[in-house]
Amino acid sequence: DAGSAQRRVPIEPQRVDAPLTSSAVLLTLALTDAQNAVATVRDVLSSVEDITKNVAFRDLSAALACTVGIGSDMWDAVTGAPRPAELHPFRDVRGAVHTAPATEGDVQLHLRANRRDLCFELERQLLDRFGDSVRVVDETIGFRYFDARDLLGFVDGTANPVGAALPASTIVGTEDPAAEGGSYLVVQKYVHRMDAWTALTAEQQEAVIGRTKSDNVELDDAAAPDQKAHKTLATIVDDDGVEHDILRDNMPFGSPGRGEFGTYFIGYTRRLWVIEKMLERMFIGDPPGKHDRLLDASTALTGGVYFVPPAELLAGLGD
Ligand code: HEM
């Protein structure tokens, strides 16, 4: 009918909304100066969807998905597309005690599945095709820990938006036509000092996070007006009183044998400034000086900002 002919065809995002899985790979890549590096990267990125489909089909129940983020410095060369309005490199956030550093990265891949072998296979095939066009800056293997807990023992991801609120808080809309259908991705690799964390009582830990540990029940903000909990510092309300959510796909990682215990923070957002504001409140504090006590047991080793273009833009890069 005439109505449907005029209806706007929605722009298909990448699988930003893919479910949390039991396994993930976070791969940070830097372009090399090898001959044809940019052309090779464009070519591989354009085929990520097809390659993922091929591997995913070997066990559809494992929900394999891969999203691709492109860094600010490489955006123009790799995409040739208009720049998303907010895209810029990660900006260090320096508090009095803790710093969120910016680190290297041109392409960020986020692979996830309920089978470790599917993530492994997809990563292998992609790196094979990239060849010497990229260098692996960081490879982190994430895993689910019990009922979606981080290694600090708390359920992580509860406040994520669901249903219609999910695309509304993660996918850029008509406010920035050049970026419509895409999403900003912020990643940070944190390692925990477990001795500092376990030196706290469960009640003290609960006050740091703002939720109870065993039942994951939210604590009342009013109980701690002076030193805000993590969940309160990470709650962003704009001047009009509107709260802005983000999607977090945090994954635990680590190796007890190496004494490594970490959380890979993965945040997708429609508005980059919202995550930047969260980081300011966590690292500088609200009021300044009252930083997030989570940081007293956690160190951010990396920091990157990427834009996850719509699926069609990505698929078209090989043309
Ligand atoms: C909430 C852990 C870093 C943003 C939470 C919760 C936990 C947690 C346990 C409460 C449950 C939930 O709602 O998911 C961690 C750990 C981190 C980390 C272990 C790294 C060491 C960050 C960073 C950001 C962030 C870097 C943003 C820049 C949020 C938000 C919430 C939250 C938005 C929900 C707040 C609400 O209740 O509305 N986090 N987090 N987190 N975190 Fe984090």
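The values are calculated or read from the model by the stated rules, or taken from the named source; none is laboratory data. Predicted model only: the values in this text are computed from it and were never measured. Every residue, glycine among them, receives a Cβ derived from its backbone with ideal geometry; neighbour counts consider all protein chains shown.
Numerical summary
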| quantity | calculated |
| --- | --- |
| Breaking point among (1) within 13 Å of the ligand (Cβ to nearest atom); (2) of a type in the set (A, V, I, L, M, F, W, C); (3) touching a residue at least 24 places away in the same chain (Cβ under 8 Å), for residue 141 | (1) |
| Matching option when the condition is touching a Phe, Trp or Tyr at 6+ places or on another chain (Cβ under 8 Å) and of a type in the set (S, T, N, Q), among 46, 22 | 22 |
| Top-ranked residue in region 299-319 [being within 19 Å of residue 71 (Cβ to Cβ) and β-branched (Val, Ile, Thr); ranked as farthest from the ligand (Cβ to nearest atom)] | 308 |
| Any helices (runs of 4 or more DSSP H) falling wholly within region 1-93 and containing at least 3 residues that are at pLDDT 95 or above, of a type in the set (Val, Ile, Thr) and crowded, with 19+ Cβ neighbours inside 10 Å | 37-56 |
| Unmet requirement for residue 162, which otherwise passes all of (1) within 13 Å of the ligand (Cβ to nearest atom); (2) touching a residue at least 12 places away in the same chain (Cβ under 8 Å); (3) not basic (Lys, Arg) | (2) |
| Selected residue (criterion: surrounded by the fewest Cβ atoms within 10 Å (Cβ to Cβ)) from residues of region 239-254 that are touching a helix residue (DSSP H, G or I) at 6+ places or on another chain (Cβ under 9 Å) and assigned to a loop (DSSP other than H, G, I, E, B) | 245 |
| Options 265, 307: the member that is under 29 Å from residue 220 (Cβ atoms), in contact with a Phe, Trp or Tyr (Cβ under 9 Å, 6 or more places away or on another chain) and crowded, with 22+ Cβ neighbours inside 10 Å | 265 |
| Some residue of region 216-224 being buried (at least 21 other Cβ atoms within 10 Å of the Cβ) and out of contact with any Cys (no Cβ under 8 Å at 6 or more places or on another chain) | no |
| Test: residue in region 99-109 that is more than 20 Å from the chain's Cα centre (by Cα) and farther than 16 Å from residue 185 by Cα | no |
| Residue satisfying all of: in region 255-298; touching a helix residue (DSSP H, G or I) at 6+ places or on another chain (Cβ under 6 Å) and farther than 19 Å from residue 210 by Cα; nearest to the ligand (Cβ to nearest atom) among these | 267 |
| Condition check for residue 111: assigned to a strand (DSSP E or B) and modelled with pLDDT of 95 or more | yes |
| Test result for residue 207, assigned to a helix (DSSP H, G or I), modelled with pLDDT under 95 and not basic (Lys, Arg) | no |
| Pair list, Cβ < 6 Å and 6+ apart or interchain, from region 216-228 residues that are part of a helix (DSSP H, G or I) to residues that are surrounded by 14 or more Cβ atoms within 10 Å (Cβ to Cβ) | 221/232 |
| Residue in region 204-221 that is among the hydroxyl-bearing types (Ser, Thr, Tyr), more than 10 Å from the ligand (Cβ to nearest atom) and touching a strand residue (DSSP E or B) at 6+ places or on another chain (Cβ under 7 Å) present | no |
| Residue in region 170-180 that is more than 16 Å from the ligand (Cβ to nearest atom), closer than 30 Å to residue 209 by Cα and crowded, with 20+ Cβ neighbours inside 10 Å present | yes |
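Residue-by-condition table, conditions (1) in contact with a Lys or Arg (Cβ under 7 Å, 6 or more places away or on another chain); (2) small (Gly, Ala, Ser); (3) closer than 19 Å to residue 248 by Cβ:
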{"residue": "116", "(1), (2), (3)": "no, no, no"}
{"residue": "182", "(1), (2), (3)": "no, yes, yes"}
{"residue": "199", "(1), (2), (3)": "no, yes, no"}
{"residue": "210", "(1), (2), (3)": "yes, yes, yes"}
{"residue": "218", "(1), (2), (3)": "yes, no, yes"}
